[in-house]
Amino acid sequence: GAGVSQSPSNKVTEKGKDVELRCDPISGHTALYWYRQSLGQGLEFLIYFQGNSAPDKSGLPSDRFSAERTGGSVSTLTIQRTQQEDSAVYLCASSLAVGQQETQYFGPGTRLLVL
Amino acid sequence: GDSVTQMEGPVTLSEEAFLTINCTYTATGYPSLFWYVQYPGEGLQLLLKATKADDKGSNKGFEATYRKETTSFHLEKGSVQVSDSAVYFCALSEGFGSARQLTFGSGTQLTVLP
């Protein structure tokens, strides 16, 4: 079956603009995660969705970042008023269920460059 | 909070050499432990995992044993190949409360020369 897909694969934007990044999880996976991979910070957790529960936003770096998940499937990560330090690869992952033993499957990422 | 400390890279080995990448962790409870691999130009892939103490995860000739007494999960392979060149990430998941996300180490770049 299809894996996690993300779009766009690359995004170049100007400082101050808003961007939207999309994630399509594996069909049937109830949990969805966003991470950020940057040179200075490594891999950081951003936000987590589980079914229809309120998301865990504890990793979002500022209130310029937000995410939603519609219908328990597709998710969109929005970054408002982008800054140069937002440049990174944004990774989405999904897992079949919740639990520490669950394997998270990652998408290819969206490479964001803020000029 | 939870943390994962990985051996600093980069690591360069000749083909058929023995590989060890050290990983130690700090966690509140009894986490599951993972090794993920990122091949050049590709996304993160699960390499292996272990969910309780003394479990050994293995895949593609790689092994790692969950050692609770030393809080370690070192990755080993007896004979590396050029195709193993990649970045390797150690990670943990506690899976309760707000700690369902993966906490990653900084990654270790491995280059295998023919």
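The values are calculated or read from the model by the stated rules, or taken from the named source; none is laboratory data. From a predicted model like this one, the values you see are computed outputs, not experimental measurements. Note that each Cβ is placed from the backbone with ideal geometry, even for glycine, and that neighbours are counted across all protein chains shown.
Restricting the search to the stretch B:10-35, which residues are surrounded by fewer than 14 Cβ atoms within 10 Å (Cβ to Cβ), within 15 Å of the chain's Cα centre (by Cα) and in a strand (DSSP E or B)?
Listed by number, the residues that qualify are B:Thr20, B:Thr26.
Quick one: A:Arg81 ticks every box in (1) at pLDDT 95 or above; (2) touching a strand residue (DSSP E or B) at 6+ places or on another chain (Cβ under 9 Å) except a single one, so which number is it?
(2)
Of all residues in the stretch A:74-112, how many are on the phi > 0 side of the Ramachandran plot, surrounded by fewer than 15 Cβ atoms within 10 Å (Cβ to Cβ) and out of contact with any Asp or Glu (no Cβ under 8 Å at 6 or more places or on another chain)?
Total satisfying the criteria: 1.
Which residues, taken from the stretch B:31-46, are aromatic (Phe, Trp, Tyr) and more than 19 Å from A:Ser95 (Cβ to Cβ)?
Across the stretch B:31-46, the qualifying residue is only B:Tyr39.
Search the stretch A:26-38 for residues that are farther than 12 Å from A:Thr103 by Cβ and pair each with any residue that is acidic (Asp, Glu) when their beta-carbon atoms are under 6 Å apart and the residues are at least 6 apart or on different chains.
Hits for this filter: A:Arg36/A:Glu44.
Based on what the data block shows, is A:Ser27 loosely packed, with under 15 Cβ neighbours inside 10 Å, small (Gly, Ala, Ser) and within 14 Å of chain B (Cβ to nearest Cβ)? Talk me through it step by step, then tell me what you get.
Details: loosely packed, with under 15 Cβ neighbours inside 10 Å: yes; small (Gly, Ala, Ser): yes; within 14 Å of chain B (Cβ to nearest Cβ): no.
Taking the combined requirement at face value, the residue does not satisfy it.
(1) within 12 Å of chain B (Cβ to nearest Cβ); (2) in contact with a strand residue (DSSP E or B) (Cβ under 9 Å, 6 or more places away or on another chain); (3) among the small types (Gly, Ala, Ser): which one isn't true of A:Ala54, the others all being true?
(2)
For B:Ser58, only one of the following conditions fails: (1) in a loop (DSSP other than H, G, I, E, B); (2) surrounded by fewer than 16 Cβ atoms within 10 Å (Cβ to Cβ); (3) more than 14 Å from chain A (Cβ to nearest Cβ). What is its number?
With (1) in a loop (DSSP other than H, G, I, E, B); (2) surrounded by fewer than 16 Cβ atoms within 10 Å (Cβ to Cβ); (3) more than 14 Å from chain A (Cβ to nearest Cβ) applied to B:Ser58, the lone miss is (1).
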